Amino acid sequence: MPKTEHWQWYVEQFSPTEEHRHAIDEVFYAGRTDFQNVGIIRTPAFGKVLILDGDTQSSQADERIYHEALVHPALAGAPDRSEILILGGGEGATLREVLRCPDVGRATMVDIDGQVVELCKKYLPEWSAGSFKDARARVVIGDALEFLETDRGAYGAVISDLTEPLADSPSNPLFCEDVFRKIKARLAPGGVYVLQASTAGFHNMALHAKMARTLRDHYEHVASFYTHVPAFDNDWAFIGCSDDRDLRVLDDQTVDEYVERLRGENYFYDSQTHRRLFALPLYLRRELAKGGDRF
Ligand code: SAM
């Protein structure tokens, strides 16, 4: 392994005073689409990595942790899995996980950035693993906001795999009361809305808490959950929302029966992992219980 000074580095800056450096083995792509800056690199520790606007989106080594956590608790809890809507999800790995469920008749994925989707197909085909060609996949290249304004479908689960709503991100307009209402209007009765919901690290959980606080005004059950994602160097949080289903109390049998029916083997998610995902530490529960600003 070359000495430190011989590497080129990808530096992900979390805040003005915190960063994580990944050595770069190879750069597959570095450029800008109509919507965002894109980097696709290979690192010694995590294999291939997709970076958008300077933020790690997923890595070859641990993307299954992130994508199984995002998709399967929601689908395990959704009473109707025939129609699923994915907002964002450029790599195709969320689509892949959804299509592993044999109950899914159609999965619609709406991503604004066709160039990112094509780059992922070209350089990161392991992520989608053929799912873009699955007859049950409907891929819409367009703004999720526009889709939500015109679509009249009813979905058993809506899965938001959007980039973080930072000021300059194309996902930013999707984080507001009005859009949360539009998303809810697309849910079939008893449906589940799940979103990737920023970090739950003790030092930077404010954005996550703000999302949860806002969503509590819209749903009966708003359940935060999280897992460590090593490539993010962070505890990554998600929120599952429903008026009928509290994902926190899905029993082991329900989860295991759901997992057993999935095509192929899980890497991360089963009933024991489910309990661990939803068992939040005291500092996070306290933060979530606090009042504060909303979207
Ligand atoms: N794992 C991720 C993370 O850590 O932020 C998210 C993965 S996925 C690559 C995010 C996708 O959201 C991107 O492909 C991006 O193009 C898409 N996106 C952002 N804004 C969008 C919008 N307004 N409508 C649809 N897709 C959007």
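The values are calculated or read from the model by the stated rules, or taken from the named source; none is laboratory data. Everything quoted here is computed from the prediction, not taken from an experiment. Heads up, the Cβs are rebuilt from the backbone with ideal geometry, glycines too, and the neighbour counts pull from every protein chain shown. The protein model used for the area step is the full one, side chains on, heavy atoms only, and it has no ligands, DNA or RNA in it. Shrake-Rupley method; radii C 1.70, N 1.55, O 1.52, S 1.80 Å.
At a glance:
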| item | result |
| --- | --- |
| Which numbered condition F238 fails, given (1) open to solvent by 10 Å² or more (accessible area, probe 1.4 Å); (2) closer than 19 Å to F295 by Cβ; (3) of a type in the set (F, W, Y) | (1) |
| Among (1) open to solvent by less than 10 Å² (accessible area, probe 1.4 Å); (2) in contact with a Gly (Cβ under 6 Å, 6 or more places away or on another chain) - the single one L250 does not satisfy | (1) |
| Qualifying positions in region 126-137 - outside any loop (DSSP other than H, G, I, E, B) and either near the ligand (Cβ under 10 Å from one of its atoms) or loosely packed, with under 14 Cβ neighbours inside 10 Å (or both) | W127, K133 |
| Tally, over region 166-178, of residues that are within 29 Å of R32 (Cα to Cα), touching a Phe, Trp or Tyr at 6+ places or on another chain (Cβ under 9 Å) and more than 9 Å from the ligand (Cβ to nearest atom) | 2 |
| R186 being at pLDDT 95 or above, open to solvent by less than 50 Å² (accessible area, probe 1.4 Å) and basic (K, R) | yes |
| Output for region 1-51, where each listed residue is aliphatic (A, V, I, L, M), farther than 17 Å from V116 by Cα and modelled with pLDDT of 95 or more | V11, A23, I24, A45 |
| Test: residue in region 204-214 that is within 11 Å of the ligand (Cβ to nearest atom) and either under 17 Å from L277 (Cα atoms) or open to solvent by less than 10 Å² (accessible area, probe 1.4 Å) (or both) | no |
| Test: R32 is among the charged types (D, E, K, R), open to solvent by 80 Å² or more (accessible area, probe 1.4 Å) and within 15 Å of the ligand (Cβ to nearest atom) | yes |
| Count - residues of region 102-113 that are open to solvent by 20 Å² or more (accessible area, probe 1.4 Å), without any contact (Cβ under 8 Å) to a residue 60 or more places away in the chain and near the ligand (Cβ under 10 Å from one of its atoms) | 0 |
| Members of region 83-99 found to be more than 16 Å from the ligand (Cβ to nearest atom) and either surrounded by fewer than 21 Cβ atoms within 10 Å (Cβ to Cβ) or within 12 Å of G156 (Cα to Cα) (or both), listed by number | E83 |
| Qualifying residue in region 144-158 (condition: closer than 25 Å to D62 by Cβ, buried (at least 22 other Cβ atoms within 10 Å of the Cβ) and touching a helix residue (DSSP H, G or I) at 6+ places or on another chain (Cβ under 6 Å)) | yes |
| Condition check for D80: open to solvent by 10 Å² or more (accessible area, probe 1.4 Å) and within 16 Å of the ligand (Cβ to nearest atom) | no |
| Any hit, region 221-240, residues being of a type in the set (D, E, K, R) and out of contact with any strand residue (DSSP E or B) (no Cβ under 8 Å at 6 or more places or on another chain) | no |
| Of the criteria (1) near the ligand (Cβ under 10 Å from one of its atoms); (2) assigned to a helix (DSSP H, G or I); (3) touching a His at 6+ places or on another chain (Cβ under 9 Å), which one S58 fails | (2) |
